[in-house]
Amino acid sequence: MTESQPDVTQGDGERTVSLRHVAKTYGETTVLSLDELELRFGEVTGLVGENGAGKSTLLGILSGMVAPDPGSEIEIAGEPLTTGSPMASKAAGVAMVSQEFPLVNQLSVAENLCLGMRPEGARRFGYDARAVAREAQRMLDGVGLDVSPAAVVSTLSVPARQMLEIAKAVGRPSRLLVLDEPTSALGPVEADKVIAIARRHAAEGGAVLFVGHRLEEVREASDRILVLRNGRKVDEMPVAEASDDRLIRSMVGRDLFHAVAEQHEGAVEKKVVFAASRLEAPGVGPVDLTVHEGEILGIAGLMGAGRSRLVHTLFGGIQATGGSMTLGGRKYAPRTPKDAVDHGVALVPEDRKLQSIVPGSPVRWNVTLPTLQRIGHGGVFGPAAEKRRARTLLDLTKVRLSAMEQPVRSLSGGNQQRVVFSRWFGVEPQLLILDEPTRGVDVGAKADIYDLIEGAAENGVAVIVVSSELDELFGLADRIAVLRKGRIEAVLDRSEFSKEVIMRSATGVEVAS
């Protein structure tokens with residue numbers, strides 16, 4: 001590569017990223033105030049905290065996207081960092097993997113990976129497509145991502161886009177690798193790859209800041225863990241001392257009372273709400289599936305197993321090509337998502353920013369959008385009725401906001417997800433489908449979302465939960481269906497839940513007798 005390459009090997013005494021008196025204030029509100037913080041070369045430092053704890057502000061300052069208050073000092077290997085400049089951060093060797101996927105969807109994989117750089121061996125003048133493809137393949141191989149360099153990014157799945165973002169960061173030389181929720185869209189196998197990438201970068205002499213909500217993964221990746229709360233560092237510990245209880249207590253300032261409500265008993269003995277028989281769609285099937293009244297059915301599987309394709313088929317976003325479905329004992333064959341909603345089916349998709357919310361629109365609109373026709377009379381409704389409807393649903397899901405007219409993108413990830421739940425609870429669904437419902441939310445928001453899911457089931461709603469977190473499925477589900485290559489390999493009752501059995505089914509490895 002012809003771009004400048006930061007030297008990750010430093011002399012003794014200069015093997016840290018040092019932050020002193022780093023603060024950020026908006027008006028009269030201080031969102032970050034760090035007296036001192038150190039990230040060490042050769043080490044993975046974990047960072048945890050609730051949404052609003054100051055993590056995003058800290059990452060924004062390190063990446064140059066946010067300018068800190070005057071007096072803030074940051075040094076990388078003894079060299080002062082010019083803050084408030086993405087170019088300066090990049091030149092200093094800061095590589096950032098964002099959970100927002102800042103990719104250009106209309107460009108190819110190779111073009112995204114090589115954007116802003118000249119691949120090694122490229123022609124001096126003009127665009128050298130072969131050199132770009134060659135360099136992109138090297139970067140893809142570095143993270144084990146099996147996609148074509150020529151593929152258009154918009155055609156990739158959410159997990160593949162996450163791995164592409166990681167490939168873009170680790171494929172270029174860096175001193176500090178910042179990983180912001182790098183596994184939130186990934187299954188366990190792919191998450192293990194990311195953890196290995198972080199450990200490898202540290203072993204090669206770089207510093208790594210690993211930000212996550214999955215405490216088990218943060219522990220597995222890290223040598224040391226920092227906890228932020230209300231913009232301040234409130235705890236720091238070696239990973240051996242980072243128990244769930246200590247981390248959660250430090251993050252929220254109290255013991256987490258409970259993560260999920262008690263499980264339903266006898267759900268599978270109730271009436272069938274939804275059934276699929278020999279269902280087929282592109283990349284799916286044949287699939288046989290039933291969900292009962294008040295039951296939470298979990299769906300597990302590796303990246304590419306067809307989990308999202310399956311639920312979008314149930315929701316009418318992907319057309320079924322074979323088999324049949326019933327809902328409430330009647331034939332169900334949605335041609336569009338609107339058909340599904342009209343029949344009482346709701347879907348919370350895995351990528352809320354691309355598939356669910358209207359970011360620049362008010363929270364109120366985002367809540368009432370699918371049920372406007374139910375608010376008025378004779379096709380006419382007034383703003384007052386809409387506001388009352390939105391307020392009722394927002395109160396139900398405990399959304400924290402300043403005003404219903406504020407843009408939904410101004411809310412935290414956890415509150416955006418609560419808004420999405422508010423919208424679909426307004427549909428009063430028979431079947432509620434949740435695809436990665438706690439992706440990118442903090443531990444406090446997770447507990448609230450789990451309560452919402454349990455509450456829906458207790459009210460008789462049939463619930464399908466797709467999740468890459470097996471512990472989440474173990475806590476929520478009455479049964480778990482394991483998907484592999486678009487087909488269901490196994491369906492497990494609670495007494496049969498086992499990570500080993502699920503992973504063997506997901507990978508096609510026979511369970512030892």
Note: Ser495 to Ala333 extended length (0.36 nm per residue) minus current alpha-carbon separation gives 55.0 nm
What is the chain's relative contact order, in percent, from Cα pairs under 8 angstrom and six or more apart in sequence? 15
Please state the relative contact order of segment 305-439 as a whole percent: Cα pairs under 8 Å, 6+ residues apart? 32
Ranking Leu113, Ala221, Leu32 by how far each Cα lies towards the positive end of the charge dipole of the chain (+1 on Lys and Arg Cβ, -1 on Asp and Glu Cβ), the top one is Leu113
Extension gain, Lys270 back to Ser154 (0.36 nm per residue minus Cα-Cα distance, nm): 37.6 nm
Using a 7 Å offset from the Cα along the Cα-to-Cβ direction at both Ala240 and Asp69, what is the distance between the two label points in nm, to one decimal? 3.8
Just how large is the dipole of the chain about the Cα centre, in debye to the nearest 20, putting +1 at every Lys and Arg Cβ and -1 at every Asp and Glu Cβ? 1740
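Given charges of +1 on the Cβ of Lys and Arg and -1 on the Cβ of Asp and Glu, with all other atoms neutral, how large is the dipole of segment 109-233 about its Cα centre, in debye to the nearest 20?
500
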State, to one decimal in nm, how far the label point of Asp342 lies from the label point of Ala385, with both points 7 Å from Cα in the Cβ direction. 2.0
Under Karplus coefficients 6.51, -1.76 and 1.60, residue-wise ³J(HN,Hα) of segment 406-415 in Hz, glycine/proline x: 6, x, 5, 5, 7, 7, 5, x, x, 6
Do the alpha carbons of any pairs in Lys55/Lys168; Lys193/Lys353; Lys168/Lys446; Lys24/Lys55; Lys271/Lys331 sit beyond 19 Å of each other, and which pairs? Lys55/Lys168; Lys193/Lys353; Lys168/Lys446
Quick check: pseudo-label points 7 Å beyond the Cα along Cα→Cβ at Met87 and Leu115, how many nm apart are they? 1.7
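Determine, from the Cβ-Cβ distance of Asp141 and Arg232 and an R0 of 30 Å, the FRET efficiency 1/(1 + (r/R0)^6), rounded to the nearest 0.05.
On the way: r = 41 Å, r/R0 = 1.37.
Working from the Cβ atoms, E equals 0.15.
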For the chain, take the longest principal axis of its alpha carbons; what is the angle in degrees between that and the long axis of helix 443-458, to the nearest 10 within 0 to 90? 10
In deg cm²/dmol, rounded to 500, what helix-only [θ] at 222 nm does the chain give when every DSSP H run of at least 4 residues adds -39500 (n - 2.57) and the total is split over its residues? -9000 deg cm²/dmol
Segment 266-318: trypsin sites (Lys or Arg not before Pro) falling in loop per DSSP and having at most 13 other Cβ within 10 Å: Lys271
Could the peptides 430-441, 458-469, 15-26 be put in order, highest first, of the mean number of other beta-carbon atoms found within 10 Å of their residues? 430-441, 458-469, 15-26
Quick one: pull the percent of accessible area on the chain belonging to carbon and sulfur, 1.4 Å probe, ligands and nucleic acids left out. 49
Subtracting the Cα-Cα distance of Val189 and Arg409 from 0.36 nm times their residue separation yields 76.1 nm
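Over the residues of the chain, compute the C-alpha Rg and express it relative to 2.2 N^0.38 Å.
Working it through for the chain, the quotient is 1.01.
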Relative packing of peptides 157-170, 326-339, 293-306 - highest average C-beta neighbours within 10 Å first: 293-306, 157-170, 326-339
Distant-in-sequence amide H partners of Lys233 (H built 1.01 Å from N, under 5 Å): Asp35
In Å², and per residue, what accessible area does the chain have when probed at 1.4 Å with the other protein chains present? 43
Using mean Cβ contacts within 10 Å as the protection proxy, how do 487-500, 183-196 order, highest first? 183-196, 487-500
In order over segment 430-440: 3J(HN,Hα) from phi, Karplus 6.51/-1.76/1.60, θ = phi - 60°, whole Hz, x for each Gly or Pro, gives 7, 10, 10, 10, 10, 9, 6, x, 10, 4, x
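The values are calculated or read from the model by the stated rules, or taken from the named source; none is laboratory data. Computed from a predicted model, the values in this text were never measured in an experiment. In this analysis, Cβ positions are derived from the backbone assuming ideal geometry, glycine residues included, and neighbour counts consider all displayed protein chains. The accessibility values were calculated without ligands, DNA or RNA, using every heavy atom of the protein model including side chains. Shrake-Rupley method; radii C 1.70, N 1.55, O 1.52, S 1.80 Å.
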